[in-house]
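All of the numbers you see were taken from the coordinates with simple rules; none came from a lab. Just so it is clear, the model here is predicted, and its values are computed rather than measured. Every residue, glycine as well, gets a Cβ built from its backbone with ideal geometry; the counts of neighbours run over all protein chains shown.
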Amino acid sequence: MVPHDHGIEFKNKIIDELLLTFEIGRSLSKKACPYDNAVAEATYKVLKTEFVNQMDFHSLRHLEIELYDYVNWFNKHRIHGTLGYLTPVQYRQEALKKLSDLLLTIHSSP
């Protein structure tokens, strides 16, 4: 039997009810296929090691402020190997530019 993680650490009644309320489905790997969600799993690992395990939160508000700052840094300043060593914001901007250029090429060709 191949061990697998189906998001058990996020499985709880409150989350299940919220997902149901907003009609959101869970994105889980298939059994014996741990790679289809590798980027998300790596992101959770980084979040835990760079943020959660380095902080002591004194209140929910403190957590909210620190998490906001961390996500801002993660998206705008931290480079990611899976994104060609760009930040997520840079990667998105480049992807949108490529798409825009492609659409202009398609629309301007006879």
Complete set of residues in the stretch 54-104 that are in contact with a helix residue (DSSP H, G or I) (Cβ under 8 Å, 6 or more places away or on another chain), loosely packed, with under 11 Cβ neighbours inside 10 Å and in a helix (DSSP H, G or I)
none
Within the stretch 67-110, residues of a type in the set (Phe, Trp, Tyr) and in contact with a Leu (Cβ under 7 Å, 6 or more places away or on another chain) come out as TYR91
I'd like the residue in the stretch 77-97 that is among the charged types (D, E, K, R) and farther than 15 Å from THR43 by Cα and, out of all such residues, is farthest from the chain's Cα centre (by Cα).
LYS97
